[in-house]
Amino acid sequence: MNQYPIAVVIGSLRSDSFNRKLATAMAKLAPPEFSFTQVGIGDLPLYNQDDDANQAESVKRLKGEIKTARGLLFVTAEYNRSIPGVLKNAIDHASRPYGESVWAGKPAGVLGVSIGAIGTAVAQQHLRTILAYLDVPTLGQPEAFIQAKDGLFDPSGNIGADSRKFLQDWMDRYVAWVKMHATL
């Protein structure tokens, strides 16, 4: 039985996204009592406060998936030195209407991969600022600003040998973080 369902929010819609591949590979590094479900955010309408009283079915689905999760994993791309608009849109939807946020209290981890030398460092910092406001306790260390290069993934889509120790250590810390917050 999976005692720790984790909602995975990927800040990229591209089907062949490095971040989607990273999210899938990271889930394989977790212990069996953790299960990871990638939540869909591509079908959400643009957030409009006028719709708070009558949220779209896709918004209700997202909120339900977040609500039932015991933890969150954000794996985001970096667009123009910040988080992608689709991710911000999802965050806004699940935090509204005011006072009905489903994010609050859910322990989170933040990762990202990009072809740039600093990975997704700036986007992750922006995301951490948003999550702090939403009362999402976010794993601070180790940070993981991952550069996409040959060998990051093996031919089967798993984390490659050169990055496995670092990312396994990250996952171990994330697991401990979620478990610690689950008992509070």
Query raised in the report: Which percentage, to the nearest 5, of the DSSP beta bridges contained in the chain is antiparallel?
Result: 10 percent
Report task. Give me the distance between the Cα centres of segment 71-89 and segment 1-55, rounded to whole Å. Result -> 11 Å
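Determine the relative contact order of segment 59-124: mean sequence separation of Cα pairs under 8 Å and six or more apart, normalised by residue count, in whole percent.
It comes to 45 percent, rounded to a whole number.
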Report task. Please work out how much length the chain gains when fully extended from Thr183 to Ser17, using 0.36 nm per residue of separation minus the C-alpha to C-alpha distance, in nm with one decimal. Result -> 56.3 nm
Query raised in the report: Between Lys28 and Asp154, 0.36 nm times their residue separation minus their Cα-Cα distance comes to what?
Result: 44.1 nm
**Report entry** Taking segment 95-161 and dividing mean pair separation by its residue count, relative contact order in percent (alpha carbons under 8 Å, at least six apart)
**Finding:** 35 percent
Query - Protection proxy ranking of 25-35, 5-15 - average other beta-carbon atoms within 10 Å, highest first - result: 5-15, 25-35
Query - Three-way shape call for segment 92-184 based on the alpha-carbon gyration tensor, with the a/c threshold at 1.5 - result: prolate
Query - Relative contact order (%) - the chain, alpha-carbon pairs under 8 angstrom, separation at least six - result: 24 percent
Report task. Kindly rank 129-136, 81-88 from highest to lowest mean number of other beta carbons found within 10 Å of each residue. Result -> 81-88, 129-136
Query raised in the report: Could you give the length gained on full extension between Thr68 and Ile118, defined as 0.36 nm per residue of separation minus the Cα-Cα distance, in nm?
Result: 14.6 nm
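None of the figures in this text is laboratory data; all of them are computed from the coordinates on show. On a predicted model such as this, the values are computed, not experimentally measured, just so you know. All Cβ positions, even for glycine, are placed from backbone atoms using ideal geometry, and neighbour counts span all protein chains on display.
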